[in-house]
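Notes follow the structure.
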Amino acid sequence: MIKRRSDTCINCQTCNARSPLFNLLSQEELKIANANRFEVVFNAGENIVKQGTSASHMIIITSGMAKMYLEGYDRKNLLLELIIPWKLFGGPGLFTDYRYHYSVTALTETSACFISIENLRKVMRTNPDFAESLLKHCSMNSVLNFQRLISLTQKQMHGRLADVLIYLSEKIYNSRIFDLTITRQEIGEMSNMTKESATRILKEFEQAGIIKLETKHIELTDYDKLQQLSLRG
């Protein structure tokens, strides 16, 4: 873990790839957001956020990729989503009990920008458009989690795994051909099944001609069939 300010993350005013939310802020408001802000570079496998620890910052991934997950009983994790630039996260704990209610771990070398929640509160009080956009951002995250809950509790394993592959294709890699950043274990955690079950169903999909699979390289060859599996559950 390296604390630094990179060439592309000197301050919020001059950030050349700023989160769209921050485009709503004036230069003076950006100065407030930038106060006490810091950037940290995490190696793959390092924790960015630990479930249950004190929460004092909103966090933006500025490069790399991370996973957000719930730590359950008996060391069983539920992977909620993958985080790519410029995803803002921090969770409801920032506005309630000041605790993180999930963990976030870097999947690759990942840069994260930490912004003081107290400074964001100051900006929210003076800029209603920013406050509304932040509320919409958090609400959309809740909606997506509700949709995941339906998938995980009401669909069979084939439907759940189809949902994961569609999510990876449409939301993360923006392609029907991609190299996985996550492991078979993490695919299982994302679809609420064991690693062995996830591996078996991936093989079934391959045998049925729905995907082509070579180690971590995946091609979704029959996307219509995959969508049908998702809809049927």
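Just a few scattered comments:
- Residue list for region 158-178, filter: in contact (Cβ under 8 Å) with a residue 12 or more places away in the chain and over 13 Å from ILE84 (Cβ atoms): HIS158, GLY159, ARG160, LEU161, ALA162, ASP163, VAL164, LEU165, ILE166, SER169, ARG176, ILE177
- Cross-chain or 6+ apart pairs with Cβ under 7 Å, region 19-31 first and surrounded by 19 or more Cβ atoms within 10 Å (Cβ to Cβ), then in a helix (DSSP H, G or I) and among the β-branched types (Val, Ile, Thr): LEU25/VAL123; GLU29/VAL123; GLU29/THR126
- Subset of region 94-108 (residues that are surrounded by fewer than 18 Cβ atoms within 10 Å (Cβ to Cβ) and either of a type outside the set (D, E, K, R) or touching a residue at least 40 places away in the same chain (Cβ under 8 Å) (or both)): PHE95, THR96, TYR98, ARG99, HIS101, THR108
- Across region 79-90, the qualifying residues are those that are without any contact (Cβ under 8 Å) to a residue 60 or more places away in the chain and part of a strand (DSSP E or B), and the one among them that is surrounded by the fewest Cβ atoms within 10 Å (Cβ to Cβ) is PHE89.
- Condition check for GLY91: under 17 Å from HIS137 (Cβ atoms) and touching a Lys or Arg at 6+ places or on another chain (Cβ under 9 Å): yes
This table checks each residue for (1) in a helix (DSSP H, G or I); (2) modelled with pLDDT of 90 or more; (3) crowded, with 18+ Cβ neighbours inside 10 Å.
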residue	(1), (2), (3)
LEU152	yes, no, no
TYR167	yes, yes, yes
GLU186	yes, yes, yes
ASN192	no, yes, yes
GLU196	yes, yes, no
ARG200	yes, yes, no
GLU204	yes, yes, no
LYS212	no, yes, no
GLN227	yes, yes, no
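- Near pairs, Cβ below 7 angstrom, 6+ apart or cross-chain, from region 179-201 (in the same structural domain as ILE218 (by TED's automatic domain parsing)) to any residue that is of a type in the set (Gly, Ala, Ser) and part of a loop (DSSP other than H, G, I, E, B): ALA198/SER191
- Of everything in region 37-55 that is among the small types (Gly, Ala, Ser) and surrounded by 14 or more Cβ atoms within 10 Å (Cβ to Cβ), the residue that is farthest from ILE172 (Cα to Cα) is ALA55.
- Candidate set from region 25-43 (those that are under 21 Å from ILE84 (Cβ atoms) and out of contact with any Lys or Arg (no Cβ under 8 Å at 6 or more places or on another chain)); member that is modelled with the lowest pLDDT: ARG37
- Just one residue in the set GLU71, GLU46 is at pLDDT 90 or above and charged (D, E, K, R); that residue is GLU46.
Results for (1) surrounded by fewer than 14 Cβ atoms within 10 Å (Cβ to Cβ); (2) among the charged types (D, E, K, R), shown as yes or no for each residue.
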{"position": "TYR69", "(1), (2)": "no, no"}
{"position": "ALA112", "(1), (2)": "no, no"}
{"position": "SER139", "(1), (2)": "yes, no"}
{"position": "LEU149", "(1), (2)": "yes, no"}
{"position": "GLU170", "(1), (2)": "yes, yes"}
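- Screening the candidates ASP129, ASP163 for the property of being of a type in the set (D, E, K, R), assigned to a helix (DSSP H, G or I), in the same structural domain as GLN228 (by TED's automatic domain parsing) and on the phi < 0 side of the Ramachandran plot yields one hit, ASP163.
The values are calculated or read from the model by the stated rules, or taken from the named source; none is laboratory data. Keep in mind that what you see is a predicted model, and the values were worked out from it rather than measured. Glycine also receives a Cβ, built like all others from the backbone with ideal geometry; neighbour counts cover every protein chain displayed.
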